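Okay, structure first, notes after.
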Amino acid sequence: MSTEPSQAPTSDLLVSTQGAVRILAMNRPQTKNGLTLELLQAIINEVQAAGTDDNIRAVVLTGKGEAFSSGLDFKAAMSLVQAGTADFAAQTENRMRNYFHAAVRALTSLPKPVIAFLDGVAAGFGCDLALACDLRIGTKRARFGEIFIKRGLMPDGGGTYTLPRLVGLGRAFDLMLTGDIVEAEESQRIGLLSRIVETEADALAFAERIAAGPPLVMAEIKHALYAGLGSSFDAALENEVRGQLKLLQSQDFIEGVSAFLMKRPPQFSGK
C-alpha cells in the first residue's frame, strides 16, 4: 500500500481570502509548523488554485503559532520510511521532487506575487520555503536559519540558489556552514526581509496594496526577474521588449494612462 498522501487534511493549511489576497496559513503549531507531505501537497494545491482564480491577485504564505515553519517534521518523515531499507533512496528522491521541490516551484512559477509573512522562525526547509516567495515581510520576532548542517544535511529547497542571490555568496556560505539563526533586524539589513511590520494586519494591508496593481504587469515583472537571474544582460533586455510589447496592447495600460491623465486611482482588470 502506498504511503503517499492522496489529499491533504484541510486543518493543516488554513485558507482564507481578504480582498484580492489569498492567505495560506500553515496550521501545525504543535510542531512549529513542521512540514509533512500532506501539508506540502496542500500548499501546492492551493497555490495552483490561486493561479487559476482571476479574483486572486496575490498570495500570502504564513504560519500559525510561534513559527513560520521549523522545516521538515522529522518524526512524521521517519514514520514513512526507515534509512537503510532497500528503497530508501528512491522513496526519498520521489518525495524531494514531488513534494518539497514541487512546493517551491509552485511558489516561484505562480504568475502572481507571493509574500511570506513571518511572525517567528523559518528554519531548514521552512527557511527555503520563505526564500522561494517573492517578498518576505515579518515582525521583530521573524528569524531565518539554514540549519541543515546541524542535522548533517545540506539545504535542499532551492536555498543554494536563492540565498546567495539575496545576501551574496560570502554571507550565504556563512549562514549555511554555521547554521546560525538571523534575527529580524539583521535579516532586513542583509536582504532576507523586505519589511518589518508590527502585526499581521500590517502585512496583509501591504499585500492588498500589491494586489491592487495591474495583474499582467506583475506577472511580466516576476517572469523577467526570475529569468534574469540565470541569463545575460542582453537576454534580460529581450525579455523586457517582449513583455512591454504585450503590456502596451492591454486594457490595463489604457486604464493606467487614463487614470493618470484624469488624476484618479486606476482600476486594473487584468486584461
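Bear in mind these aren't lab numbers, they're just calculated from the coordinates by the rules spelled out. Here the structure is a predicted model, which means the values were calculated and not measured. Note: ideal-geometry Cβ built from the backbone for every residue, glycine included; neighbour counts use all protein chains shown.
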When we measure straight from the Cα of K112, which lysines land under 21 angstrom away, once same-chain ones fewer than 8 places off are left out? K222, K246, K271
How large is ³J(HN,Hα), in whole Hz, for each residue of the stretch 177-189 in order, when computed from phi with the Karplus curve 6.51 cos²θ - 1.76 cosθ + 1.60 and θ = phi - 60°, using x for Gly and Pro? 7, 9, x, 5, 8, 9, 6, 4, 5, 5, 4, 5, 4
Looking at the chain, which longest stretch skips every one of the GluC sites (Glu not before Pro) that is in a DSSP loop with at most 14 other Cβ atoms within 10 Å, leaving the sites themselves out? 67-197
What residues qualify as long-range amide H neighbours of Q18, i.e. H under 5 Å apart, gap of 5 or more or another chain, H built at 1.01 Å from N? I23
Among C133, C127, what is the fewest-to-most ranking by other Cβ atoms within 10 Å? C133, C127
The long-range amide H neighbours of A122, using H built 1.01 Å from N in the peptide plane and a cut-off of under 5 Å, are F68, S69, R143, F144, G145
Per-residue [θ]222 nm for the chain (sum of -39500 (n - 2.57) over DSSP H runs n ≥ 4, rounded to 500): -14000 deg cm²/dmol
Determine by what factor the alpha-carbon radius of gyration of the stretch 215-262 differs from 2.2 N^0.38 Å, reporting the quotient. 1.30
Counting only DSSP beta bridges with both residues in the chain, what percent are antiparallel, rounded to the nearest 5? 30 percent
To the nearest whole percent, what portion of all C-alpha pairs in the chain is separated by more than 30 angstrom? 31 percent
Relative to the first principal axis of the alpha-carbon coordinates of the chain, what is the inclination of helix 251-262, with its axis defined by its Cα atoms, in degrees from 0 to 90 and to the nearest 10? 60 degrees
Which residue, G63, G120, G152, tops the fluctuation ranking in a GNM of the chain built on C-alpha contacts under 10 Å? G152
Mind checking which lysines have their Cα closer than 25 Å to the Cα of K140? Skip sequence neighbours fewer than 8 apart in that chain. K32, K64, K150
Cα extents of the stretch 83-202 along the three principal axes, largest first (Å): 50, 33, 23
Given the convex hull over the Cα atoms of the stretch 135-197, what projected area results after averaging over all orientations, in nm²? 4.0 nm²
Integer Hz, Karplus 6.51/-1.76/1.60 couplings in order for the stretch 225-232, x for Gly and Pro: 5, 5, 5, x, 5, x, 9, 8
